[in-house]
1. Quick check on segment 204-215. Is at least one of its residues touching a Pro at 6+ places or on another chain (Cβ under 9 Å) and touching a residue at least 60 places away in the same chain (Cβ under 8 Å)?
2. Anything in segment 457-495 that is assigned to a strand (DSSP E or B) and hydroxyl-bearing (Ser, Thr, Tyr)? List them, or say none.
3. Give the residues of segment 477-498 that are touching a residue at least 60 places away in the same chain (Cβ under 8 Å) and either closer than 27 Å to residue 164 by Cα or among the charged types (D, E, K, R) (or both), sorted by residue number.
4. Given the residues 446, 464, 468, which is the only one that is of a type in the set (Gly, Ala, Ser), farther than 13 Å from residue 406 by Cα, surrounded by fewer than 14 Cβ atoms within 10 Å (Cβ to Cβ) and under 30 Å from the mean Cα position of the chain (by Cα)?
5. Hey, among the residues in segment 334-387 that are touching a Phe, Trp or Tyr at 6+ places or on another chain (Cβ under 9 Å) and not in a helix (DSSP H, G or I), which one's surrounded by the fewest Cβ atoms within 10 Å (Cβ to Cβ)?
6. For a quick check of your reading of the model, give me the residue pairs whose first member lies in segment 317-336 and is within 20 Å of residue 283 (Cβ to Cβ), whose second is of a type in the set (Lys, Arg), with beta-carbon atoms closer than 6 Å and at least 6 apart or on different chains.
7. Hey, could you check segment 245-269 for residues that are in contact with an Asp or Glu (Cβ under 6 Å, 6 or more places away or on another chain) and not in a helix (DSSP H, G or I) and say which is nearest to residue 217 (Cα to Cα)?
8. Give segment 154-203 a look and list any residue that's within 31 Å of the chain's Cα centre (by Cα), without any contact (Cβ under 8 Å) to a residue 40 or more places away in the chain and surrounded by fewer than 13 Cβ atoms within 10 Å (Cβ to Cβ), or say none.
Amino acid sequence: MEMVKSKAASCVIAALILFVVALPGVGMSAFEKAFADEPGKNPTFVLADLAAAAGERVDVELRVDNNPGILGATIVVTYDDGLVLRDVANGEAFLPLSMTKPAQYESGCKIHWDAADIDSRDVKDGVIATLSFDVAADAVNGNHVIQVKADKSNGSIDVYDYDLTTVAIESATCNIAVSGGADPAPVSVNVSTIVNGQGQVTGGGKYAVGSDATLVANAAEGWRFEGFYVNGESVSTVSPYTFTATSDVEIEAVFNNAVVSAVSEAIAELPDADSITLANKADIEKAYENYRELSDDQKAAISDADKAKLQALIEKIASLEAASSVESLIVGLPGIDAVSLSDKASVEAALAKYDALNAAQRGYVAAGAIDKLMALKSKIAELEKSARNSEKTDPTVKPSKKANTMKVSVVKKSIKAKSLKKTKKKVKAIKVKYAKGKLTYKKVSGSKKLSVNKKTGKIVIKKGTKKGTYKVKVKIIAAGNSNYKKASITKVVKVKVR
């Protein structure tokens with residue numbers, strides 16, 4: 001396994017973000033494979049429920065499971081009244097990272113970890129921080145909630161891995177069961193209702209804790225009652241609905257009209273994605289168009305299962321059409337005994353279309369058509385070889401130049417904004433392999449903040465460039481030589497200033 005070179009944790013992260021625009025045949029590094037062995041496991045923060053007496057101190061361990069190689073993170077810690085955060089200690093799982101404690105210990109405070117790089121051998125699951133809480137002497141008996149989640153105050157999740165890719169990590173919540181404190185005072189709870197669609201709901205208001213609440217839904221003319229929901233989850237499909245009031249709750253009453261019902265019924269009548277053919281295209285597209293014409297409230301009344309089914313059918317039809325298009329190209333090609341070099345462009349066009357299909361789409365192309373296409377590809381290669389041999393034996397025939405073998409890849413780059421305050425910076429974002437002839441680089445279009453060195457291809461970031469993501473389109477030109485043709489490839493380079 002390759003080791004990422006370590007730098008001092010206090011250094012500014014000026015490392016380059018490697019976001020590889022993948023080419024066929026390019027594999028993952030050993031470091032990347034280390035975090036791809038167990039796909040499907042989501043990174044998760046973990047807190048365990050604890051018990052404590054009023055006036056005591058309790059240490060709460062924050063763990064991370066399924067660590068993908070976190071290089072930096074900012075978390076937000078919130079907690080109920082009766083608890084007071086006193087200290088935070090770094091945990092073993094994040095020891096390679098530098099921790100910044102909150103300036104003030106209060107609910108909603110933030111803890112930050114950061115590092116320049118990380119050795120893959122140091123990536124582990126386990127405790128990342130110990131949160132020390134004092135339980136107030138007059139804390140109310142019962143559960144007091146602590147929650148930890150990734151900071152999103154800048155509009156995105158502030159947790160990233162070894163290549164600075166955002167990590168979607170699940171939040172954690174635990175309860176501190178307090179005893180020996182004050183007894184909770186009797187309270188009432190509020191049952192509020194909202195209506196989705198057209199109808200009325202009665203029964204909302206104040207209820208004593210532990211008493212029964214009853215809601216009654218009445219649909220407007222032309223509408224029907226579907227059910228009561230809490231946070232999007234169905235709690236009842238009948239009216240009246242009676243339940244025990246234990247805490248404030250907002251209950252949504254959903255009403256559907258005839259249009260919504262018609263769309264739901266049309267989706268239900270369609271076959272499953274596994275059994276459809278292009279003959280079902282018209283019915284599927286009609287159902288999809290009717291769904292798109294619904295209002296947002298009406299779309300919300302369509303079940304998640306129906307939405308998922310309709311989406312799967314649309315995607316399947318698109319795959320079948322793509323496969324059918326390729327099959328038609330292959331059918332139009334001459335047979336193996338009739339093909340000639342004049343058919344090369346047509347064969348290569350069909351191959352390109354086939355290669356552009358994803359794995360699922362290729363599965364819908366008839367095996368016979370694929371066999372024919374591969375046979376024609378081999379036959380064209382044989383005919384080209386034969387033609388080259390003929391040129392070698394005929395001195396009057398001038399050998400034709402080969403296609404330039406140049407390959408180009410691009411990596412996304414990142415740089416700190418404050419490093420650009422006084423001077424411009426250069427980054428190497430373009431990698432060229434197997435080029436024949438002299439290389440030159442030309443800016444085609446893009447941000448005025450970026451320019452391109454014609455000789456080296458390095459991207460020059462203008463002094464004073466502010467935070468943001470900037471793009472530039474660059475043409476890479478290989479001049480060719482006596483044996484290889486001139487060639488050019490255009491790529492888009494992204495530079496993130498942070």
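1. Taking every residue of segment 204-215 in turn, none turns out to be touching a Pro at 6+ places or on another chain (Cβ under 9 Å) and touching a residue at least 60 places away in the same chain (Cβ under 8 Å).
2. 469, 470, 484, 488, 490
3. 485, 486, 491, 492, 493, 494, 495, 496, 497, 498
4. None of the others qualify; the one that does is 468.
5. Result: 357.
6. Within 6 Å, the pairs are 317/281.
7. Filtering segment 245-269 for residues that are in contact with an Asp or Glu (Cβ under 6 Å, 6 or more places away or on another chain) and not in a helix (DSSP H, G or I), the one nearest to residue 217 (Cα to Cα) comes out as 254.
8. Scanning segment 154-203 gives 154, 155, 156, 166.
The values are calculated or read from the model by the stated rules, or taken from the named source; none is laboratory data. It should be emphasised that the depicted structure is a prediction, and the values quoted were computed from it without experimental measurement. Here Cβ is always computed from backbone atoms with ideal geometry, including for glycine, and neighbour counts include all displayed protein chains.
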